Each structure stands twice: as C-alpha cells, then as structure tokens.
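The values are calculated or read from the model by the stated rules, or taken from the named source; none is laboratory data. The shown structure was predicted, so the numbers you read here are calculated from the model rather than taken from an experiment. For neighbour counting, all protein chains shown are included, and Cβ atoms are generated from backbone atoms with ideal geometry for every residue, glycine included.
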Amino acid sequence: MTPHTNCLAMNTKPPDPKILIIDDDQELGEMLKEFLAPDHLDVSACLSGEDGLQAMRDDSYDLLILDIMLPGKSGLDVLKEVRRGSDIPIIMLTARGEDIDRILGLEFGADDYLSKPFNPRELLARIKAIMRRARSDERQGSRVIVGVLELDARSRRVNAGGKSIRLTGTEFELLRCLAESPGTVVPKEQLSQQVLGRRHMPYDRSIDTHISNVRGKLADAGVDHPSIQSQRGVGYVLLVDE
C-alpha cells in the first residue's frame, strides 16, 4: 500500500515568491507587506542598505525592491554590490522628478523603477510582470541562436563562441525579443509591453538604457556581430550582417 505521505507530497504547493524591501520608511514597508500578502507574496523588509545586504547573504529572494535614498550605504551602492554576484530582479524606488537617479539605477542593472509616491497596485503590476516573465522562461526552456549568440531561456544566459555573457533578466528578455526577429525593427512599444509589461511612455528612457547595457556587455565579450542598431523614433533591430 502506498504510504499516505506520498499523497501529501503530490499536493505540496510551491513556496510563495520571496520579496525583500530595502527602504528606511518603516510604515511603507509594513503597508506593502499587508498589501502584497493576499497575492501570495512573502515580503520581508529592511530599513538600511547594510541590513538588506546581510539579509540577502542569510537567505535567498526572488525579487528586490530597493529605495535609492537610504541612510548610510545608498541604494545605488547596494544595487552595484548586489549586481556583482546576483541576477535577482530589482525594482528601484526613486524620488519623483529625479531622472538622473532612474537612469543611473537602470545603468547599474535595475530591471525597472517606480517614482515615489506610487500606487501599490502599480508596484504589484510590475512585480507580476517580472514573475510572469520568469515563469514563462522556465516553461519554455527554449534556445534562440543568431550568429554567434546562443540564448538559453531557462537559465537566461547568453553564450557567444563559448564565452558566457551575464545579463539581467530584463536585458536578456530584450535581447531575446530582438533575436527572435533578426533584421526586423522591433518598435519600442512592443519591447516595453513584452519586456516591462507596460506601455511605452514619451520621455521614458528605460528601454534605451537597457539596450545600452546589452550593447556594452556584448562589446566587452568581443561580440561585434550581430549588433543592435537603433531606428530613430521607432525601435531597435538586431543586425546579423552589416
């Protein structure tokens, strides 16, 4: 007779995604914990960059929400330190109107940003878009090969002639969108919808900054072809031959 414990194991649900918030606004952290809990998100909060980094050393998380303005170690310093060893998705929280903070956050490897004050529903939508992208990659497990580039959707890794190129999840998804239609201009609106899960807004430099990051990492790996070219006012294209 099959032990009853086997039946229990078959019905075990996967653990809730774990989210870490690093923000010195304790009230905001508590509010977000309460707001996100009904969506089966396991939320923890730290009030400083040092405490947040220690929490990440002690435990593993699926997503990081990081405020730029932190006491002691700044959010940008935390971001750079995290990116030295982790591809965890990161949503930055920035002061409204501080364009330079948003651009620097994206350049240093943040996946997305929100300006304070923000609607918690908008944050939840950004989180779901990132989680949905990750689940899609796990299910597909597909590879895309363009020129010397080989993209593995399951691991979100890129190889070029045997050399591994490390990209964030957002950077990988952008490159994959372009690689799936080589030689074809992909509009920014389409890239924003597919990669960020939101409409492309005028003066939003998110896609441009992520593309710049990808170009830089390809160049660092010695990849000249294929290359990412811009179509001014329209979008981007992955050119296999020039």
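Based on what the data block shows, is residue 16 in contact with a His (Cβ under 8 Å, 6 or more places away or on another chain), surrounded by fewer than 15 Cβ atoms within 10 Å (Cβ to Cβ) and closer than 23 Å to residue 170 by Cα? Against the criterion (in contact with a His (Cβ under 8 Å, 6 or more places away or on another chain), surrounded by fewer than 15 Cβ atoms within 10 Å (Cβ to Cβ) and closer than 23 Å to residue 170 by Cα), residue 16 qualifies. Suppose the filter is out of contact with any Phe, Trp or Tyr (no Cβ under 9 Å at 6 or more places or on another chain), within 19 Å of residue 92 (Cβ to Cβ) and not hydrophobic (A, V, I, L, M, F, W, C); does residue 220 pass it? The answer is no for residue 220.
Let me spell it out: the conditions are (1) modelled with pLDDT of 95 or more; (2) touching a Phe, Trp or Tyr at 6+ places or on another chain (Cβ under 9 Å); (3) closer than 27 Å to residue 82 by Cβ; (4) surrounded by 19 or more Cβ atoms within 10 Å (Cβ to Cβ), and residue 228 meets all of them except one. Which number is the exception? Just one mismatch for residue 228, condition (4).
Being over 13 Å from residue 65 (Cα atoms) and either in contact with a Leu (Cβ under 7 Å, 6 or more places away or on another chain) or modelled with pLDDT of 95 or more (or both) is true for just one of 1, 10, 31. Which residue is that? Being over 13 Å from residue 65 (Cα atoms) and either in contact with a Leu (Cβ under 7 Å, 6 or more places away or on another chain) or modelled with pLDDT of 95 or more (or both) holds for just one of 1, 10, 31, which is 31.
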